[in-house]
Amino acid sequence: MCSDIGKETCLVLAFVSLVFLGADWPNFRGPAATATSADSNTPTHWSSVANVAWKTALPGAGDSSPITWGDKVFVTTYSGYGLDQDKPGDQGNLKLHLVCLGIEDGEMIWVRQIEPRMPEQDYRGFLALHGYASSTPATDGEHVYMFAGQTGVFAFTMAGKPVWKADVGKGLHQWGSATSIVLYKDLVIVNASVESGAIVALNKADGKEAWRYEGIRRSWGTPVVATSSQGREELVVSMEGKVYGLAPDSGEKLWECANVQDYVCPSVIAHEGVAYITGGRKPFCMAVRLGGSGDVLATHILWQIAQTPMVATPLYHDGRLHWIDNRGSAVCVDAASGSKVYEQPLEIEGRRDKVYASLVRSGDKLYGVTRENGTIVLKAGAQFEEITRNDVGDPSVCNATPAIAGDRLLLRSDRYLYCIAE
């Protein structure tokens, strides 16, 4: 083709294509799990028709977030059972899916169907708020890795060919499974608190277990690999009652400290040698300086406050932590001191928890997806400012955290995947 239109033109087209696609969003909350695309210019306003580049019906429901690599989007779904709480159907018909779509047009490139291990947890209560596809996959550009609770961890090629399957436990919980995959060097790390009460690291090449850390209880949050001020990499894990710093290469415990005395849903976040941990029904949030040894409660805790998003994961930006909590209030906290910058109740419809999705940042805009009331766009600053609200007219529930691909915003509901772009 280059011989027909010239090498210089080819280079220009390739450059424009790369700029348009933007950086990859390869795991839950994007690159380095920061939920940030600083240079993107995603739309502020959209509707069911305006600024919707494409809309694709998915082969089933789910709450996992979309991820991207190059010109591909990956997301997980489930079908056959648990789509209606009044009529859940026959559990024997449950199927799990990994879906690959083209980012340019939303066309499905391939779908891989997975037979779940049975029996599964019955579709009722809190599990019915999110279903059987809540764990976000991850990719390194060579393989796509998917966590499916007691059914196991799976690796596929980028073309959808199965590579390996690994078992991380058979445990079930009435709230289901929801933690997302962490990729670190040649390891696939999974918080299998529900399945086996452990953090499990698998080899990328063959899925064989590399190390395991036991004793993880009532934890639905995803760990994070962070770097201390001394340059040491640490896998920070939050659970009921404890926070652990583990060596990500080996699973060796480096440090620990007391945590919220309740279950944990939000993932750990970190910035410049400090980890921020929250969770529980009793409001709790704290900042822990990394790099410690043993019990660091008396030496490395920077602050503790009575605040929590409950379910969503906070976002760090410009010295502040931002979130929208389950009650529907926008909260901003000073990351250095823990002092509250603002707390603003939002008018959000819905029963029970109103927000499950975590904020993502594009430039100076924060995007917050509500369960039943569309997406709220906030100014990413020290003063509360609601820029706008947008609704695509989808009556199904939206629990997934968005993904950002260049100047595109990818939104996922129980029925559809949307690409929001100018």
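The values are calculated or read from the model by the stated rules, or taken from the named source; none is laboratory data. The shown structure was predicted, so the numbers you read here are calculated from the model rather than taken from an experiment. Heads up, the Cβs are rebuilt from the backbone with ideal geometry, glycines too, and the neighbour counts pull from every protein chain shown. Each accessible area value is taken on the protein alone, full model and side chains, heavy atoms only, with ligands, DNA and RNA left out. Shrake-Rupley method; radii C 1.70, N 1.55, O 1.52, S 1.80 Å.
Counting helices only, and only those DSSP H runs with n ≥ 4, report the 222 nm mean residue ellipticity of the chain as the sum of -39,500 (n - 2.57) divided by its residues, in deg cm²/dmol to the nearest 500.
Theoretical 222 nm ellipticity from helices: -1500 deg cm²/dmol.
Keeping all protein chains in place, calculate the accessible area per residue for the range 48-143 (probe 1.4 angstrom), answer in Å².
42
Tell me the volume per residue, in Å³, of the convex hull enclosing the alpha carbons of the range 182-337.
Spelled out: Cα convex hull of the range 182-337, divided by residues, is 107 Å³.
Using θ = phi - 60° and the Karplus relation 6.51 cos²θ - 1.76 cosθ + 1.60, list the HN-Hα couplings for the range 290-299 in order, rounded to whole Hz, with x at every Gly or Pro.
My calculation for the range 290-299 gives 6, x, x, 8, x, 7, 9, 4, 8, 10 Hz in order.
For the range 196-238, how big is the tail of P(r) above 12 Å, as a whole percent of Cα pairs?
Looking at the range 196-238, the distances longer than 12 Å represent 68 percent of pairs.
With the other protein chains left in place, how much accessible area per residue, in square angstrom, belongs to the range 152-249 at a 1.4 angstrom probe?
It amounts to 36 Å² per residue over the range 152-249.
Please list, or write none, the aspartates and glutamates whose alpha carbon is within less than 20 Å of the alpha carbon of Lys379, excluding same-chain residues fewer than 8 places away.
Reachable aspartates and glutamates: Asp39, Asp318, Asp325, Asp334, Glu343, Glu347, Asp364, Asp391, Asp407, Glu422.
Hey, what does the equivalent ellipsoid look like for the range 37-179, semi-axes from the Cα gyration tensor as sqrt of 5 times each eigenvalue, largest first, whole Å?
The three semi-axes for the range 37-179 are 27, 20, 14 Å.
In what order, largest first, do Arg408, Arg212, Arg415 sit by accessible area if the probe radius is 1.4 Å?
Arg415, Arg212, Arg408
How much net charge surrounds Ser219 when only the other residues with a Cβ under 10 Å from the Cβ of Ser219 are counted, with Lys and Arg +1 and Asp and Glu -1?
Net charge around Ser219: +2.
Could you quote the convex hull projected area for the range 244-283, Cα atoms only and averaged over all directions, in nm²?
3.5
Filter the GluC sites (Glu not before Pro) in the range 311-379 to those in DSSP coil with at most 13 other Cβ atoms within 10 Å of their Cβ, and list the result.
Glu347, Glu349
Given the protein chains as shown and a 1.4 Å probe, how many square angstrom of Asp295 are accessible, to the nearest 10?
Surface open to solvent at Asp295 totals about 100 Å².
Please give every one of the lysines within straight-line cross-link reach of Lys242, meaning a C-alpha to C-alpha distance under 29 Å, and leave out same-chain neighbours fewer than 8 residues apart.
Partners within reach: Lys170, Lys185, Lys204, Lys208, Lys253, Lys282, Lys340, Lys354.
Relative contact order for the range 140-198: what percent, with Cα pairs under 8 Å and sequence separation of 6 or more?
29
For the chain, what's the relative contact order in percent, using C-alpha pairs closer than 8 Å and at least 6 residues apart?
Relative contact order of the chain: 16 percent.
Which ³J(HN,Hα) values in Hz, rounded to whole numbers, follow from the phi angles of the range 152-159 under the Karplus curve 6.51 cos²θ - 1.76 cosθ + 1.60, where θ = phi - 60° and Gly and Pro get x?
x, 10, 10, 10, 10, 6, 5, 8
Can you give me the convex hull volume of the Cα atoms of the chain, divided per residue and expressed in Å³?
Here the figure is 140 Å³ per residue.
Where Lys and Arg each count +1 and Asp and Glu each count -1, what net charge lies around Asp249 among other residues with Cβ under 15 Å from its Cβ?
Net local charge, Asp249 excluded: 0.
I want to verify a result. In a Gaussian network model of the chain, Cα cutoff 10 Å, which of these has the top mean-square fluctuation: Ala38, Ala23, Ala405?
Taking springs between Cα atoms under 10 Å, the residue moving most is Ala38.
Compute from the Cα atoms of the range 122-251 the Rg and the Dmax, the latter being the longest Cα-Cα distance, and quote both in angstrom.
Rg and Dmax of the range 122-251, Cα atoms, are 14.5, 47 Å.
Give me the Kirkwood hydrodynamic radius of the range 322-422, using the inverse of the mean 1/r over all pairs of distinct Cα atoms, in Å to one decimal.
14.0
Below 8 Å, C-alpha to C-alpha, sequence gap of six or more: please give me the relative contact order for the range 111-219 in percent.
This gives 20 percent for the range 111-219.
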